[in-house]
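**Q** Supplied in structure tokens, the structure appears directly below.
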Amino acid sequence: MRIAVFSTMGHEPSSSYVPRLDFFPKRASQWDEFAGMLPDPEITVYCCLPAGHILDAAADKIHVRPQKVKYVVLKKDASIEEIVERIASDRPDVAAAISIPDAVYDWNPIRDAMVAEALRGRGIRVVANSVFTAAVSFDKWRTSLLLRQNGFKCAKGFHVYPELYYAEKRIPEIIDNVYREYVHHEMKALSFPIIIKPCSGAGSAGLQVAHTFEEGIFRLEESLKETDVMVEEKLSGISFGAEVFGGSGKYYASPPFMVSSAADGIGDPFTGMRFGPITDGKYRVNELREMLVRLAGLLSVEGNANVDLIFHEGEWYVIEINPRFSLLSQLIAVSQNRNFFDLLIGMAAKPEETGVMKEPLRFSFDFKTPSVPDEELEKMVSDIPSIRSVMRWSGQVSETETRATCEFIMGGFSDRTELLEEVKKMHDKFGKLVTDELLEKIRKFIGLTE
């Protein structure tokens, strides 16, 4: 079977804002393992570099290649038509997208969806989300409208257009800006604190919390310099993530995984932790999974989608939807003791497994430390087999600041106690990395559900 896997981007690969990612084990070994699971496969990965989440690459250089899988590097400025022509020329039996996050605008799923649409037009079977699915999820206001109109719970809020908020700058004859008065009116009607966030941002970038109306106006006008925004009530409660997989009406929803928050209640990409799966009865997990399957059907998900959630006052609220790879995908794969690429695109090669997942899941845990060199990482992975995956991240986060972290995923545990014992081993052997403070933070975090 000829399988085409594609992932497109629109960034200059050598940009300082495109982070370098290094994985242990290498992505090349994961590709070879996946190929070894299939009878007589011909897998080709078509991507724009660096494609850091799926290749072992930095900027425009690939450092490690698999033996059983072929890589085709697309031009960094390749058009959709050029990408489609290149993939179609190899006459694949099936194509599958692995959309990856982007640093500024989380719009890679839209580009992959347009490639998928064109491939389908050529009669090629494709496992990838539609343009509709990707575009609705990209725009947080459209997401919110779809959720509200279909009975899903989400934070109370509204959308703000910069060009209307400052309409008098274009039309000086305007004396009273009715739209700005409306925005102020709606903000006063919300319960504080509130969150102000870009409608098309990635991750937690640009999110701001305001505790008073005056602070809210200041934060809003600060944000409107860059983009249109959402203004929402800040929900209290525990943050979670979950994912749905499948297509053609056949879906599997993972149980939720708990996600840590910083002191302001917003996730921190450099210190955050994830733990799960969470199955405690008080979280009404079966109800959540049914809700996620309904949401996947409503969006016509084809492949996978990540869903951010908050359990607020005994109810599940949807925060946002990302129809792409997320680092939770990696955690779920470890929980299932499953190859990462098999989880994401296995249904392309094995359509009979669409919407079918391995259960029960075992406990897995994701946490971050300062960056670690190769030699020390290799020793850690060798000494502690429960470390199933490590991602080293380094990049520029502002004009004046660079960051570097390691993200560890540990898995295969039957209970929390077993997990904590393995973390203690890391603490005992690598105390400069897993400090007393971090160990206590982890102990508290994984005990929240007890």
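The values are calculated or read from the model by the stated rules, or taken from the named source; none is laboratory data. Note that the structure is a prediction, hence the values are computed from the model and not measured. Every residue, glycine among them, receives a Cβ derived from its backbone with ideal geometry; neighbour counts consider all protein chains shown. Areas reflect the complete protein model, heavy atoms only, side chains present, ligands, DNA and RNA absent. Shrake-Rupley method; radii C 1.70, N 1.55, O 1.52, S 1.80 Å.
**Q** Which value in nm describes the separation of the simple spin-label points at ARG338 and GLU222, placed 7 Å from the Cα toward the beta carbon?
**A** The answer from the label model is 4.2 nm.
**Q** Around LYS140, under 13 Å between beta carbons, what's the net of Lys plus Arg minus Asp minus Glu among the other residues? Provide the component values of the computation, followed by the final result.
**A** Working: positive: ARG142, ARG148, LYS197; negative: ASP106, ASP139, ASP228, GLU232, ASP308, GLU320.
Charge balance near LYS140 sits at -3.
**Q** Length gain on complete extension for the stretch SER29 to GLU82, per 0.36 nm per residue less the alpha carbon to alpha carbon distance?
**A** Contour length minus the Cα-Cα distance gives 16.2 nm.
**Q** How long is the gain from SER15 to ILE175 if the chain were fully straight, where each residue apart is worth 0.36 nm and the alpha carbon distance is subtracted? Mind showing how you got there, number by number?
**A** Working: separation 160, 0.36 × 160 = 57.60 nm, distance 4.42 nm.
Full-extension gain reported as 53.2 nm.
**Q** Arrange the peptides 187-194, 383-390 so that the one whose residues have, on average, the most other Cβ atoms within 10 Å appears first. All intermediate terms of the calculation are to be shown ahead of the outcome.
**A** Details: 187-194: 15.4, 383-390: 18.1.
Answer by packing, highest mean first, reads 383-390, 187-194.
**Q** Enumerate by residue number the trypsin sites (Lys or Arg not before Pro) in the range 224-295 meeting two conditions: DSSP loop (anything except H, G, I, E, B), and at most 15 other Cβ atoms within 10 Å of the site's Cβ. Spell out each step's value before the answer.
**A** Values: sites: LYS225, LYS234, LYS250, ARG274, LYS282, ARG284, ARG289, ARG294; in loops: LYS225, LYS234, ARG284.
Of the trypsin sites (Lys or Arg not before Pro), the ones in loops of the range 224-295 whose Cβ has at most 15 other Cβ atoms within 10 Å are LYS225, ARG284.
**Q** Something else: Given the rule -39500 (n - 2.57) for each run of at least 4 DSSP H residues, summed and divided by the residues of the chain, what is its mean residue ellipticity at 222 nm, to the nearest 500 deg cm²/dmol? Intermediate results must be reported in sequence, preceding the final value.
**A** Numbers: 14 runs with 146 residues, N = 450.
Mean residue ellipticity, 222 nm, calculated: -9500 deg cm²/dmol.
**Q** Given the C-alpha atoms of the range 145-298, compute the convex hull and give its volume per residue in Å³. Write down the numbers at each step before the final one.
**A** Working: hull volume 22.6 nm³, N = 154.
That works out to 147 Å³ per residue.
**Q** Any idea of the accessible area per residue across the range 64-192, 1.4 Å probe, to the nearest Å²? Mind showing how you got there, number by number?
**A** Working: 6790 Å² over 129 residues.
That works out to 53 Å² per residue.
**Q** Given a Förster distance of 41 Å, report the FRET efficiency between GLU375 and GLU440 from their Cβ-Cβ distance, rounded to the nearest 0.05. Walk me through the numbers before you get to the answer.
**A** On the way: r = 28 Å, r/R0 = 0.68.
According to the calculation, E is roughly 0.90.
**Q** Also: Of the accessible area of the chain, with the probe set at 1.4 angstrom, what percent is carbon plus sulfur? Walk me through the intermediate numbers first.
**A** Numbers: 10000 of 19580 Å².
Answer for the chain: carbon and sulfur cover 51 percent of the accessible area.
**Q** Additional query: Cut-off under 24 Å on the C-alpha distance; same-chain residues fewer than 8 positions from LYS169 excluded. Which lysines are left, in chain and number order?
**A** LYS197, LYS225
**Q** Separate question: Each label point is 7 Å from the Cα along the Cα-to-Cβ direction; what then is the distance between the points at ALA167 and GLU214, in nm?
**A** For ALA167 paired with GLU214, the spin-label model returns 2.8 nm.
**Q** Bin by bin, in steps of 10 Å, what percent of the Cα pairs in the range 30-183 do you find, going until the bin that has the longest distance?
**A** Calculated over all Cα pairs of the range 30-183, the distribution is 9, 27, 27, 17, 13, 5, 2, 0 percent.
**Q** Also, quick follow-up: To the nearest whole percent, what portion of all C-alpha pairs in the chain is separated by more than 37 angstrom?
**A** That tail contains 26 percent of the Cα-Cα pairs.
**Q** Which residues' amide hydrogens lie under 5 Å from the amide hydrogen of SER364, considering only partners 5 or more residues apart or on another chain, with H built in the peptide plane?
**A** For SER364, the qualifying residues are GLY276.
**Q** For the pair ALA59 and HIS312, how long in nm is the line joining their label points, each one 7 Å along Cα→Cβ?
**A** According to this spin-label approximation, the distance is 4.4 nm.
**Q** Gap in Å between the Cα centre of the range 118-194 and the Cα centre of the range 372-422?
**A** Comparing the Cα centres of the range 372-422 and the range 118-194, I get a distance of 37 Å.
**Q** Moving to a separate point now. How many angstrom lie between the Cα centre of the range 247-263 and the Cα centre of the range 5-23?
**A** Each part's Cα centre sits 25 Å from the other's.
**Q** Same structure, new question: At most 10 other Cβ atoms within 10 Å and a DSSP loop assignment: could you name the GluC sites (Glu not before Pro) in the range 361-402 that fit?
**A** Details: sites: GLU375, GLU376, GLU378, GLU399, GLU401; in loops: GLU399, GLU401.
Answer by residue number: GLU399, GLU401.
**Q** To the nearest 0.05, what FRET efficiency results for TYR105 and ASP428 with a Förster distance of 41 Å applied to their C-beta separation?
**A** Working: r = 43 Å, r/R0 = 1.06.
E between TYR105 and ASP428, to the nearest 0.05, is 0.40.
**Q** Taking a temperature of 4 °C and a viscosity of 1.567 mPa s, what whole-number D in µm²/s does Stokes-Einstein yield for the range 349-450 with Rh from Kirkwood over alpha carbon pairs?
**A** Values: Rh = 15.4 Å.
For these conditions, the coefficient is 84 µm²/s.
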